[in-house]
Amino acid sequence: MKRAALALALLSALSTASCEKDHDAALPAPREITDSSTAQFCGMALNEHSGPKAQIFVDGLPDPYWFASVRDAFAYLFLPETPKAVVAVYVNDMAKAKSWDHPEAGSWIDAHSAVFVIGSRRHGGMSADEAIPFGSKTAASAFVSAEGGRIVQFADMPQDYVLGANTGEK
């Protein structure tokens with residue numbers, strides 16, 4: 001029941017974001033990581049973490065909230081105490097990224113259109129489980145063949161994967 005209520009809250013937030021997108025044709029463009037970009041939850045520099053990153057724009061704020069992992073961005077969206085006036089969510093398309101450790105500039109895609117590999121052998125920052133984004137299901141399937149895991153859509157991200165225990169085992 002609690003999971004259903006939180007899923008409903010996430011869908012409501014996502015619907016709000018979709019409505020805002022329909023009414024505001026000038027969505028903020030994704031930003032590039034700089035030396036001063038720090039992760040929302042841990043306060044560490046994003047450049048200190050390996051793997052895909054995320055950024056979330058909230059209505060009324062000019063700069064995005066940065067996330068050292070995509071999984072952390074989903075946690076932000078799931079947690080009831082975080083602002084839900086989300087305008088845009090961007091993640092690194094790991095099919096475009098040449099470097100796992102530091103995805104290059106220009107690899108950002110809208111998270112709503114991405115597919116995510118969860119439960120793979122690859123981990124994100126601090127050796128944590130990661131939700132690895134790809135711009136196409138073909139690229140995600142190739143990654144699953146090589147690294148294991150399964151593919152989920154943005155709206156189907158399991159809350160227990162994001163907020164559950166994280167062993168960090170490789």
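The values are calculated or read from the model by the stated rules, or taken from the named source; none is laboratory data. On a predicted model such as this, the values are computed, not experimentally measured, just so you know. Heads up, the Cβs are rebuilt from the backbone with ideal geometry, glycines too, and the neighbour counts pull from every protein chain shown.
Can you report the number of residues in segment 64-77 which are assigned to a strand (DSSP E or B) and either in contact (Cβ under 8 Å) with a residue 40 or more places away in the chain or of a type in the set (Ser, Thr, Tyr) (or both)? Let's see the steps before the verdict.
In the first step, residues of segment 64-77 are kept if they are assigned to a strand (DSSP E or B); the result is 65-67.
Still in the running and either in contact (Cβ under 8 Å) with a residue 40 or more places away in the chain or of a type in the set (Ser, Thr, Tyr) (or both): 65.
Of the residues in that region, 1 qualify.
Yes/no per residue for (1) under 16 Å from the mean Cα position of the chain (by Cα); (2) touching a residue at least 40 places away in the same chain (Cβ under 8 Å); (3) within 23 Å of Leu46 (Cα to Cα):
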residue: Lys96; (1), (2), (3): yes, no, yes
residue: Gly124; (1), (2), (3): yes, yes, yes
residue: Glu147; (1), (2), (3): no, no, no
residue: Ala155; (1), (2), (3): yes, yes, no
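Quick check on this structure: which one of Gly60, Gly43 is of a type outside the set (A, V, I, L, M, F, W, C), over 12 Å from the mean Cα position of the chain (by Cα) and under 16 Å from Lys84 (Cα atoms)?
On the way: Gly43 fails: under 16 Å from Lys84 (Cα atoms).
After ruling out the rest, the residue left standing is Gly60.
Here are some residues: Ser15, Ser36. Which one is more than 14 Å from the chain's Cα centre (by Cα), among the hydroxyl-bearing types (Ser, Thr, Tyr), modelled with pLDDT under 90 and surrounded by fewer than 17 Cβ atoms within 10 Å (Cβ to Cβ)?
Values: Ser36 fails: modelled with pLDDT under 90.
Result: Ser15 is the single residue among Ser15, Ser36 that is more than 14 Å from the chain's Cα centre (by Cα), among the hydroxyl-bearing types (Ser, Thr, Tyr), modelled with pLDDT under 90 and surrounded by fewer than 17 Cβ atoms within 10 Å (Cβ to Cβ).
Taking the residues in segment 103-122 that are touching a Phe, Trp or Tyr at 6+ places or on another chain (Cβ under 9 Å) and of a type in the set (Gly, Ala, Ser) as candidates, determine which candidate is nearest to Asn47 (Cα to Cα). I'd like the intermediate steps shown before the answer.
Applying the first criterion (touching a Phe, Trp or Tyr at 6+ places or on another chain (Cβ under 9 Å)) to segment 103-122 yields 108-120, 122.
Okay, now just the ones that are also of a type in the set (Gly, Ala, Ser), so 111, 113-114, 119-120.
On the way: Ala111: 20, Ser113: 25, Ala114: 23, Gly119: 24, Ser120: 22 Å.
By that ranking, first place goes to Ala111.
Against the condition of a type in the set (Gly, Ala, Ser), buried (at least 22 other Cβ atoms within 10 Å of the Cβ) and modelled with pLDDT of 95 or more, how does Ala142 come out, does it pass? Even if it seems obvious, please write down each step before you answer.
Values: of a type in the set (Gly, Ala, Ser): yes; buried (at least 22 other Cβ atoms within 10 Å of the Cβ): no; modelled with pLDDT of 95 or more: yes.
When the stated conditions are applied, Ala142 does not pass them.
Name the residues in segment 127-141 that are under 13 Å from the mean Cα position of the chain (by Cα) and either outside any strand (DSSP E or B) or among the aromatic types (Phe, Trp, Tyr) (or both), would you?
Of segment 127-141, the ones under 13 Å from the mean Cα position of the chain (by Cα) are 129-135.
Glu130, Ala131, Phe134, Gly135, listed by residue number.
Using beta carbons and a limit of 8 Å, which pairs, at least six apart or on different chains, have the first residue in segment 50-63 and touching a residue at least 40 places away in the same chain (Cβ under 8 Å) and in a loop (DSSP other than H, G, I, E, B) and the second one surrounded by fewer than 24 Cβ atoms within 10 Å (Cβ to Cβ) and basic (Lys, Arg)?
Gly51/Arg122
Looking for whichever is within 26 Å of Pro158 (Cβ to Cβ), touching a Cys at 6+ places or on another chain (Cβ under 8 Å) and modelled with pLDDT of 85 or more here; the options are Ala73, Ala68. Which one fits? Quick ask: steps written out before the conclusion?
On the way: Ala73 fails: touching a Cys at 6+ places or on another chain (Cβ under 8 Å).
Checking each option against the conditions leaves just Ala68.
Restricting to segment 59-86, give me the number of residues that are under 28 Å from Trp100 (Cβ atoms), aliphatic (A, V, I, L, M) and touching an Asp or Glu at 6+ places or on another chain (Cβ under 7 Å). Break it down stepwise before answering.
Within segment 59-86, the first condition is being under 28 Å from Trp100 (Cβ atoms), and the residues that meet it are 63-79, 82, 86.
Within this subset, residues satisfying the condition of being aliphatic (A, V, I, L, M) are 68, 70, 73, 75, 77, 79, 86.
Restricting the remaining residues to those that are touching an Asp or Glu at 6+ places or on another chain (Cβ under 7 Å) gives 70.
So the count comes out to 1.
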